[in-house]
Amino acid sequence: MNDKPKSRKTLENNNIKAWDKLYEATNDYVWGKQASPFLRDILRDIVSPIPTEYNILDAATGEGRNLPYLVSTGAHVYACDSSVHALSKIDHDIKGKVEITECTLGKTPYKNGKFDIVLLWDVVETLPAPEAVLKEIYRITSKGGHLICNIPGKDDGIAKNNMTILNDGGNLYDNRFYYKFYNKLEAWNLLQSAGFKIDMVNVFEWAEEAHPGFRSYAHVHKNEVFTVSK
């Protein structure tokens, strides 16, 4: 256990820098170029087909693995991330079809109620201050709009590998990247405390190959996937 307490702001700043350095350090796609598993099915459960007038935000898009599919829906697609190096790796042909913004999730430039759907994939568990981020996401989600997010628990395949436990109940992966794993009730309460209504909860399990420069082995994820609405 790491016995030296760090302020949440320090954890946030260090975390943002660590992710940006990761994307800068390799020319490879850390997360690959395939869309997140089950994304198509989850969106279909919300509305099918997706109306072309919808605004969709891929929050913390990273290298943009989900963007080609989101663009294919015909909706207006937006993407944001705090890492300039991650955003620079988004495919050139996609960049012209997406409105891309560099910003932190705790303070975005979007108007109240801007988005009909927000995707927050592989993000919540990496946030030292998820409450502030979820409140901001709530602000920019339209009335009746939806947030989709996966939240891994301690039974996820990466939860015990190379993690240093911190005093706040979180962990540092490789002593650099913040992670916190939530059971279903904790995740449920986190989302409801931001104002969201829980619509659906699914458990998905999928295998992933190694991630260049980040995780050197194949692994299996098991996550609760929440579809919530405002």
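Bear in mind these aren't lab numbers, they're just calculated from the coordinates by the rules spelled out. In this text the structure is predicted, and so the values were computed from the model without any measurement. Here the Cβ is made from the backbone with ideal geometry for all residues, glycine too, and neighbour counts use every protein chain on show.
Within the stretch 19-32, residues that are under 15 Å from Gly64 (Cβ atoms) have Cβ atoms under 9 Å from residues that are of a type in the set (Val, Ile, Thr) and not in a loop (DSSP other than H, G, I, E, B) in these pairs: Trp19/Thr126; Tyr23/Val84, counting only partners at least 6 apart in sequence or on another chain. Within the stretch 92-105, does at least one residue satisfy the condition of being surrounded by 14 or more Cβ atoms within 10 Å (Cβ to Cβ) and under 28 Å from Lys222 (Cβ atoms)? The answer is yes; a qualifying residue exists.
Looking at the stretch 75-111, which of its residues are part of a helix (DSSP H, G or I), farther than 26 Å from Arg44 by Cα, out of contact with any strand residue (DSSP E or B) (no Cβ under 7 Å at 6 or more places or on another chain) and touching a residue at least 24 places away in the same chain (Cβ under 8 Å)? Passing the criteria: His85, Ala86. When the stretch 40-61 is limited to residues that are touching a residue at least 40 places away in the same chain (Cβ under 8 Å) and either within 15 Å of Glu99 (Cα to Cα) or in contact with an Asp or Glu (Cβ under 7 Å, 6 or more places away or on another chain) (or both), the one that is surrounded by the most Cβ atoms within 10 Å (Cβ to Cβ) turns out to be Leu57. Candidates Phe181, Phe214: the one that is touching a strand residue (DSSP E or B) at 6+ places or on another chain (Cβ under 6 Å), closer than 23 Å to Ala129 by Cβ and touching a residue at least 24 places away in the same chain (Cβ under 8 Å) is Phe181.
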